[in-house]
Amino acid sequence: MPKTRTLARAPSPKGTSRNIELAPSILSADFAQLAADAKAALEGGGTLLHVDVMDGHFVPNITIGPPVVASLRKALPDVIFDCHLMIERPDEFIPAFAEAGANWISVHQEACVHLDRTLHLIESQGCRPAVVINPATPVEMLDEVLEIVHHVLVMSVNPGFGGQRFIRGALRKIDALARTRQARGLRYRIEVDGGVGLDTVTDVVRAGADLLVAGNAVFGHGDIRENAKRLLQAARSATLTRT
Ligand code: DX5
Ligand code: ZN
């Protein structure tokens, strides 16, 4: 199937007009009605779907594999699938996720001995390559790959489970990535994942994140559409209130 292409936007200073997007994480959806829940989150303003892939080795949990992505792709032919691989040996599975309909594929720096090779493999499969860092990994570990990634995903929880508490050290990393992007004239986007909700979204947007992953805050309670809408509104208003 043809891949949906979105070009990375040129960076703009924090606080001015920015392309803030909400990526609902289906990890917290009701898997028995996955497509319906995902559609509700998209109707609420989500523009991509964040798909958490866990193998029980890199992280202490198991979630979904390529068949689920392929089924979801049939139900949602046009939306961008942002596949976050929390797995060991990602090179062995990247082609299967691309074939299943992934658009963006992110791999953990901590899981990739040959990170540059893995990012090029993702690109060769027709997907946008991205790199993820865990809370204990410094942003400096990414210096050599910032020119080839579509986005950098900063984990603001230790990966493995939804509904965890936001780790505030992520804010400093997001800020550092935004400054580096500006200083080096690069175009990568900055995504944040874990504990993003109405209580933390203003800080993450002000720090410089433009792709906001949210699972529990969107699917965890109440009306999915309304939750997504409120979160996105709060994120967008954070760009207007301060630099
Ligand atoms: C954690 C996952 C996250 C998770 C975020 O390992 O990568 O995407 O679903 O969930 P919340 O928003 O509930 O913290
Ligand atoms: Zn994730």
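Just a few scattered comments:
- If R0 equals 51 Å, the separation of the Cβ atoms of R117 and T202 corresponds to a calculated FRET efficiency of about 0.85.
- Between the residues F81, N134, F93, the greatest Cα displacement towards the positive end of the dipole of segment 54-143, with unit charges on the Cβ of Lys, Arg, Asp and Glu, is found for F81.
- A straight Cα-to-Cα reach below 13 Å connects K39 with the aspartates and glutamates D30, D78, D223, E226, residues fewer than 8 places away in its own chain not being considered.
- Placing +1 on each Lys and Arg Cβ and -1 on each Asp and Glu Cβ, with no other charges, gives the chain a dipole about its Cα centre of roughly 940 debye.
- Debye log10 I(q)/I(0) at q = 0.10, 0.11, 0.18 Å⁻¹ for segment 106-204, Cα point scatterers: -0.26, -0.32, -0.83
- Using C-alpha pairs below 8 Å separated by at least 6 residues, the relative contact order for segment 79-208 is 20 percent.
- Cβ-based exposure ranking for R184, R18, in which fewest neighbours within 10 Å come first: R184, R18
- Backbone N within segment 200-216 under 12 Å of label point (7 Å from V68 Cα along the Cβ vector): none
- For segment 93-106, putting each phi into the Karplus relation 6.51 cos²θ - 1.76 cosθ + 1.60 with θ = phi - 60° gives couplings of 10, 4, x, 5, 6, 5, 4, 6, x, 5, 9, 10, 10, 10 Hz, in residue order, rounded to whole numbers and with x for Gly and Pro.
- Fraction of beta bridges assigned by DSSP in segment 27-106 that are antiparallel (%, nearest 5): 10 percent
- Radius of gyration and maximum dimension Dmax of segment 169-243, Cα, Å: 12.9, 43
- Net charge of neighbours whose Cβ lies under 12 Å from the Cβ of A111, counting Lys and Arg as +1 and Asp and Glu as -1: -4
- Taking the DSSP bridge list for the chain and keeping only pairs wholly inside it, about 5 percent are antiparallel.
- Residue-count net charge about L171 - beta-carbon cut-off 11 Å; Lys, Arg +1, Asp, Glu -1: +2
- Here is the P(r) of the chain: all C-alpha pair distances, binned every 5 Å from 0, give 1, 7, 16, 20, 22, 18, 11, 4, 1, 0 in whole percents.
- Given 13 as the ceiling on other Cβ atoms within 10 Å, longest exposed-site-free region of the chain for GluC sites (Glu not before Pro) in DSSP loops: 1-143
- DSSP beta bridges fully contained in segment 111-218 are about 0 percent antiparallel.
Read-outs throughout are calculated quantities, based only on the coordinates presented, and are distinct from any laboratory measurement. Bear in mind that the values here come from a model prediction, so they are computed numbers and not experimental data. Using ideal geometry, Cβ is built from the backbone for each residue, glycine included, and neighbour counts are taken over all protein chains shown.
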